[in-house]
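Colleague: Have a look at this one.
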Amino acid sequence: MKKAFSLIELMIVIVIIGVIYTLVITKLQVYQKQEEKLSLKTLKPFLAKIAKEYGGEARLVCLDECKSCGVYVDGEKAASMDGFIDKDIEVYSYDYLQGMIQKDPAVFFNKEDVQEDVCFSFKVDKNKVSDQVIIVYKDKAYDYSNYFSDVDIYDSLQDAQDAKEKLIEEVK
C-alpha cells in the first residue's frame, strides 16, 4: 500500500507557506520605506541609486523658493519631492586660496525651454560622482566634496572649513 499526503495535509502546508510569505513581504516593504526617507544626509546615496538604476544622471531641482522640488533623470522628471527643503539653504564650494565661496544656483530649463527660478540643485551620476559642494541648512553643514564617502556633517560652515584646512595641512 502506497502512503501519500492527504488533501488536508497539503492544504495546511500551503496555508503555512502563504502566511510566512505574507509576513516576510510585509517586513521587507516596511524596511524599504524606512530606508528611503530622504534627508540631506541621505541625498547623495538616494540620487546615486536612481542614477545607477537608470544609467544616467540624477538631479534634485528645487524651484519657486524651494517650495517645489523634483528628481530628474537625464532631464526627465521622475518624482516630486515637495517640502524637502526651504529657501534658507545655502550652497558653498571650497577653494584652497579663497576659502568658502557661496555658489549661485544652477540654471534649469523646463520642457518648454523656459529658464526656471532655481532655489537649489544637486546632481549625482551613475558612478556616485556628485556636485562638489558644502550645503548649509538648519545649523548644519553637509560636505559632499569627498568622493569616497556619502556626506560629512559638521555643526557649522566654519567647522567644515577648518576640516578642509586641516586636511590640506596633513597633505603638505
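Colleague: Rounded to whole Hz and in sequence order, give me ³J(HN,Hα) for segment 137-149 from the Karplus expression 6.51 cos²θ - 1.76 cosθ + 1.60, θ = phi - 60°, writing x for Gly and Pro.
Modeller: Along segment 137-149, the couplings run 7, 6, 6, 10, 10, 9, 9, 9, 7, 8, 6, 9, 9 Hz.
Colleague: In addition: Name the residue farthest towards the positive end of the dipole of the chain from the options Ile168, Gln132, Pro45, assuming +1 on Cβ of Lys and Arg, -1 on Cβ of Asp and Glu, about the Cα centre.
Modeller: Of Ile168, Gln132, Pro45, it is Pro45.
Colleague: How about segment 107-172: which GluC sites (Glu not before Pro) there lie in a loop by DSSP and see at most 10 other Cβ atoms within 10 Å?
Modeller: Passing sites in segment 107-172 are Glu112.
Colleague: Most mobile of Met11, Met81, Met100 per a Gaussian network model of the chain (Cα springs, under 10 Å)?
Modeller: In the Gaussian network model the winner is Met11.
Colleague: My understanding is that a pair violates if its Cα-Cα distance is over 21 Å; which of Lys37/Lys111; Lys37/Lys103; Lys77/Lys111; Lys37/Lys166; Lys49/Lys111 do that in this structure?
Modeller: Beyond 21 Å between Cα atoms: Lys37/Lys111; Lys37/Lys103; Lys37/Lys166; Lys49/Lys111.
Colleague: How many angstrom lie between the C-alpha centres of segment 102-172 and segment 55-90?
Modeller: Result: 15 Å between the Cα centres.
Colleague: Given N residues in the chain, what is its alpha carbon radius of gyration divided by 2.2 N^0.38 Å?
Modeller: Compared with the compact-globule rule of thumb, the chain sits at 1.51.
Just so you know, all these numbers are worked out from the coordinates, no wet-lab data involved. Values in this document were obtained by computation on a predicted structure and should not be read as measured data. FYI the Cβ positions are ideal-geometry reconstructions off the backbone, even for glycines, and counts take in every protein chain you see.
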